[in-house]
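The values are calculated or read from the model by the stated rules, or taken from the named source; none is laboratory data. Owing to the predicted nature of the structure, the values given are computational and were not obtained by experimental measurement. With ideal geometry, Cβ positions are generated from the backbone for all residues, glycine too; neighbour counts draw on all protein chains shown. Note: areas computed on protein heavy atoms with side chains; ligands, DNA, RNA excluded. Shrake-Rupley method; radii C 1.70, N 1.55, O 1.52, S 1.80 Å.
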Amino acid sequence: MGTALARQIDSTVYPTEDRMGETEWHRAVCLLLWALCQRWVRERKLRVHVGSNQFVYWAQHEPTKNIAPDLYVLPGLAVGPEGLDVVKTWEHGVPSLVVEIVSTDWRKDYEEAPRRCDEMGVRELIVFDAHAPRARQPERVRWQVFRRVARRGLTRVEVSPGDRVRSKVLGAWLCAVGQRGSLRVRIGAGATGAVLVPTDDEALARERERADRSEAEVRRLRAELDALRRR
């Protein structure tokens, strides 16, 4: 059966949303990370789609095989402003990167996410647990990085209590910035991730600052020129 025909006769229902709630902090972290990742790939003209909190299905006719990542990157896919309702890997491809921000149901991100991402074929999974330093569970850690290894599948290759880890897929760093309720995950550039990718507001403020400096320099030069003419 051809792929196009299989899609036409697929009567399976693939839900586009669930009823799971999330904290305001979790939502704020995910929205900012999504916006920064969008800026990062846009500025580098990468042909990828960056999505957040949509269902990703990886087995046609089996809707229970799904994951709804806090962030995912789909390579080779250009999506219009309308975005995607859901991702079906047999139509859109497999995410190269998944990022999970650990929520109150922490075992889901520790146990289910690696298993499901491995089965799906994800190349890289990064799990960030902001609450790990204060948690009573010794198995909880701040950062976990999983990458696909030949003949081993998706394997945990890094565990870190630090403030940043590097994503090979993005070619950038994920950095924990701030404390407690104000903590956010930012995109860091450069060899060590020390240069943070600006938010839209930060980029606008920097542009205004540069414009103000340019105007001030023009005024200074004009004043010097007027002074010379009066001599």
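Tell me, what is the per residue accessible area of segment 62-190 in Å², probe radius 1.4 Å?
Working: 6090 Å² over 129 residues.
Each residue of segment 62-190 exposes 47 Å² on average to a 1.4 Å probe.
Taking the convex hull of the alpha carbon positions in segment 95-231 and averaging its projected area over all directions gives 12.2 nm². For segment 97-231, the share of DSSP beta bridges that are antiparallel, to the nearest 5, is 80%. Length available on full extension from LEU77 to ARG156: 0.36 nm per residue minus the Cα-Cα distance, which gives 25.7 nm. Classify segment 114-195 from the C-alpha gyration tensor, please: rounded if a/c falls under 1.5, else prolate or oblate depending on whether a/b exceeds b/c. Taking the square roots of the gyration eigenvalues as a ≥ b ≥ c, segment 114-195 is oblate. In the complete set of protein chains, residue-level accessible area for THR16 is approximately 80 Å², probe 1.4 angstrom. What Kirkwood radius, in Å to one decimal, follows from the Cα pairs of segment 64-130? By the Kirkwood definition, the hydrodynamic radius is 12.6 Å.
Under 1.5 on a/c is rounded, so check that first for segment 17-83, then, if it is not, pick prolate when a/b is larger than b/c and oblate when it is not; a ≥ b ≥ c are the square roots of the alpha carbon gyration tensor eigenvalues. Oblate shape, in that a/c is at least 1.5 and b/c is the bigger or equal ratio. Per atom type, segment 3-129 shows carbon and sulfur on 49% of its accessible surface, probed at 1.4 Å.
Beta bridges per DSSP, both residues in the chain: antiparallel share near 80 percent.
Applying the criteria of a DSSP loop state and at most 15 other Cβ atoms within 10 Å to the trypsin sites (Lys or Arg not before Pro) of segment 12-90 yields ARG19, ARG44, LYS45, ARG47, LYS65.
Normalised Debye scattering of the chain at q = 0.08, 0.13, 0.15, 0.16 Å⁻¹ gives log10 I(q)/I(0) of -0.38, -0.82, -1.05, -1.17, counting only Cα atoms as equal scatterers and leaving out solvent.
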